[in-house]
Structures are given as structure tokens and as C-alpha cells.
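What follows is a set of notes on a single structure, which appears directly below.
Just so you know, all these numbers are worked out from the coordinates, no wet-lab data involved. Note that the coordinates shown come from a computational prediction; the quantities given were computed from them, not determined experimentally. Positions of Cβ are backbone-derived with ideal geometry, glycine not excepted, and every protein chain shown enters the neighbour counts.
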Amino acid sequence: MFFKRKANIESPVIKEAYVLGTVIQLKVYGNKAEKAIDESIIRLNEIDDRMSVFKEFSDISRINKNAGVEAQVVNEDTYYVIEKAFEYAKLSQGAFDPTIRPLVNLWGVWTEHAKVPSKEEIAAELQYVNYKDIILNGTNSSIKLSKEKQCLDVGAIAKGYAADEVKQILKEDAIKSAIIDLGGNIFALGKKFDGSLWNIGIQHPLSSRGKFVGIVSFADKSVVTSGNYERYFIQEGKRYHHIIDPRTGYPSENGIISATIISDYSIDGDGLSTCVYVLGPQKAMKLIEGIRGVDAIVITEDRKVYVTSGIKDNFKITNEEFTEADLFTIGGRAK
Ligand code: FAD
Ligand code: MG
């Protein structure tokens, strides 16, 4: 299921594949583009095999099957991703929680059994959600969940890690210009082939694909968006999406409909985009303003766009339905 094009000086090699539960696209310029893409797809499949909650023999599934029983030694990359997920859970005081899986299963968003659960069902699963029950042992890269029935899900952070890994492979093959698109996790490597900045459109969260709220310009950065507009179901006229607030057990509802993070590492962008989505605009903007080298573009349902100070000069709203919110009215500060 690959789409190929031959590379020359101006035109990139473009390939698509299905991995990490999504269609990914790699657009790579340079002499070794073909080889670099092939190596990247092998690595992406390896990450999927190790970190998928859907594959019975993945590291994550082994940890889940042995919850409350015994620690499992995992690959170093899986350990690193879970350690990072734990870090973001702490930073967001549990708004991001990689033990969310029992609730993700219950809601079944993006599956055939998607439905609104009862309050009792939600309360029953909520007791298993607590990142503090992840026992990490760095001496032998082993991980254990304290209680039976607890379940890890690194879906909110592993695509970011995968994008960083692809970037590394491309760099080792002397690639200087590429777009790595892992279903919403984008890494724009270097600059465009002509030396200008990349322009990435921020998807209109209330409209069809390809319509943008604004354009962000930069070189060599990750751009990750968490939104409510791709994975969701509708019951009795109400939309239920896939990002669950671990404090309530319901899909997060705080006004945010799209949260984009611009950062040097995509694992940080992916982790933080989910944190920001659950935290809500005020707490989110404060958090991101305080992290050096990381910026956010947050869109709320009243069509306001919150932009951190570091990205203001490189982001332009191009859709007149949206207006920029004033950061200072919500207690933000310049870096
Ligand atoms: P993000 O905001 O980055 O993450 C949201 C996802 O994280 C949710 O879908 C849920 O799984 C989880 N989550 C929800 N709330 C929280 C929270 N508060 N804190 C932390 N995590 C939360 N999808 C398939 O349909 N089939 C597959 O076979 C499949 N395989 C995958 C294999 C791997 C290795 C990975 C990384 C993902 C895979 N996926 C698959 C997709 C996955 O289930 C998620 O839907 C996807 O990663 C969501 O990414 P996002 O960028 O849209 O949203
Ligand atoms: Mg994420």
C-alpha cells in the first residue's frame, strides 16, 4: 500500500504506509531518500510491535497482562516512552494519565462498541486509573502496574517518539529536508528544499480536512495536534471524543477543541498536546509559557485562538471566523 515517486533535485520521494493505527506519510528530499524511508518504515513497525495495546505480544500488553502480578522487562525504547509518559502525568497532575486504558476500552470510541457508559460503569473503571501505580525500575528496564486490571496505553505519546526516531534515521542518511507525518504528528526536518521555512496549516477543528485556522512557519520542529474532530462518535446528537479526563472518566470538556504543540522533540509535543487538551486553556497556557523552547496554539469552541509568546511572530490566523485571544487576560506571561 505504498505510493512512490522518484526523487530528483527538486521533487521528493513520497511514501505512505499504515502503521501505528493510522496512515503515515514520509516526504523526503535527497539522494538517499528511498533508503531512508524504507529504514524508517521498518523502525515504525518495530515501535508498533513493541508499544501497541492492540498486539498481544507487545511490551505494553505483557505489562497489562501481568498487572498486579509481576514486573516485566521491556525494550529500552518502551521503557523510555513509559518513563516520559509518567513525567507528563506528574507535570499535569494526572490530566495526562497513561493508565487511562480501562476507560478508553469502556467508551470504545473509534470501535464498533462505542457507547455512553453508565455512571456506575465509569466509577468502576476509574478506580484502576492512577499513574502513581506505575512501578518503574531503571536498573533492568522493568515495569509493573500495582493492581490487577490496571492497563497502560501509550497512544497519547508513542507517535511522538516514533516521529523523533524517524527524524534520527533520516539525519543519519544525511537527509536535510523532509516532512514526517504520522497521522497528525508532524516533524518538519530542516528547511524546505529551496531554503525557505516550512508552512504548516493548523486544521479547522469544526470543518472538513484541508480547511485551516491559520499557518505556522518554522524550521526543524515538531508540530503535534490533539483534537476532538477525528476519533469520536455521536449519541443522541452529542459528540463524544477519545481524550478522557481522568478526573471525571468522561471525554474532556473544558472549551478546548484543538491543542497544537510546537517543540524540538515530538515526544514532548505529543505528551504535552494531550496534557493541554485536558487541562483547559488557562492552565494550559500557563504551563506551556513556562517551558522553554515549547509553544502552543490552542483553539476553543468559541473560536478563540490562544498563542504562546514564543510563536506569535510565526503564526498567522488565515480564517476570519477565528480571533486571537489575549494571553494576558488569562494570566499568561512572556518568556
Ligand atoms: P492524542 O491526544 O495524542 O492521544 C489520545 C489517545 O490517548 C486516546 O485515543 C487514548 O488512547 C489515550 N488517552 C485518552 N485520554 C488520555 C489521557 N487523559 N491521558 C493519556 N492518554 C489518553 N489505533 C487503532 O485504531 N488500531 C490500532 O491498531 C492502533 N495501533 C496503535 C499502535 C501504536 C504503537 C500507537 C502509538 C497507536 C495506535 N493506535 C491504533 C492509535 C491509538 O489508539 C490512538 O488513538 C492514537 O494514538 C491517538 O493519537 P492522537 O494523536 O489522535 O491523540
Ligand atoms: Mg498526544
Which lysines does Lys65 reach when only Cα atoms under 22 Å apart count, and residues fewer than 8 places away in its own chain are ignored?
Lys55, Lys84, Lys132, Lys144, Lys147, Lys149
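How do Val53, Val278, Val213 rank when sorted from fewest to most other Cβ atoms within 10 Å of their own Cβ? The partial results should precede the final answer.
On the way: Val53 19, Val278 27, Val213 23.
By the 10 Å Cβ count, ascending: Val53, Val213, Val278.
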Evaluate the relative contact order of the chain (contact order divided by residue number), counting alpha-carbon pairs under 8 angstrom at least 6 apart; express in whole percent.
15 percent
Yeah, the range 137-260 with a ≥ b ≥ c from its alpha-carbon gyration tensor (a/c under 1.5 is rounded, else prolate when a/b outruns b/c, oblate otherwise) is oblate
Between the range 176-232 and the range 258-283, what is the C-alpha centre distance in whole Å?
14 Å
By Cβ neighbour count within 10 Å, fewest first, Arg209, Arg247 rank Arg209, Arg247
Hey, could you pull the Cα Rg and Dmax for the chain, both in Å?
19.8, 61
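What order do you get for Asp77, Asp302, Asp268, Asp38 when you list them from fewest to most C-beta neighbours inside 10 Å?
On the way: Asp77 19, Asp302 10, Asp268 23, Asp38 15.
Fewest-to-most ranking of Asp77, Asp302, Asp268, Asp38: Asp302, Asp38, Asp77, Asp268.
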For the range 257-263, Karplus couplings with θ = phi - 60° (6.51, -1.76, 1.60), whole Hz, Gly/Pro x
10, 7, 9, 10, 10, 10, 7
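Under the classification rounded if a/c is under 1.5, otherwise prolate if a/b is larger than b/c and oblate if not, where does the range 76-215 fall, given a ≥ b ≥ c as square roots of the Cα gyration tensor eigenvalues?
On the way: a/c = 2.95, a/b = 1.45, b/c = 2.03.
Verdict is oblate for the range 76-215.
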What's the extension gain from Ile215 to Glu112 if we count 0.36 nm per residue and subtract their Cα-Cα distance?
33.5 nm
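When you count, for each residue, the other Cβ atoms within 10 Å and take the mean per peptide, how do 305-314, 98-107 rank with the highest first?
On the way: 305-314: 18.6, 98-107: 22.7.
For the peptides 305-314, 98-107, the packing ranking is 98-107, 305-314.
Are there any chymotrypsin sites (Phe, Trp or Tyr not before Pro) in the range 40-98 that are in a DSSP loop and have at most 15 other Cβ atoms within 10 Å? List them by number. Display every interim value, and only then the final one.
Values: sites: Phe54, Phe57, Tyr79, Tyr80, Phe86, Tyr88, Phe96; in loops: Phe54, Phe57, Phe96.
Counting only loop positions with at most 15 other Cβ atoms within 10 Å, the chymotrypsin sites (Phe, Trp or Tyr not before Pro) in the range 40-98 are Phe54, Phe57.
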Loop-resident trypsin sites (Lys or Arg not before Pro) in the range 103-179 with no more than 15 other Cβ atoms inside 10 Å, DSSP not H/G/I/E/B, are Lys115, Lys147, Lys149, Lys176
Helix-only [θ] at 222 nm, the chain, -39500 (n - 2.57) per DSSP H run of 4+, per residue, nearest 500, equals -9000 deg cm²/dmol
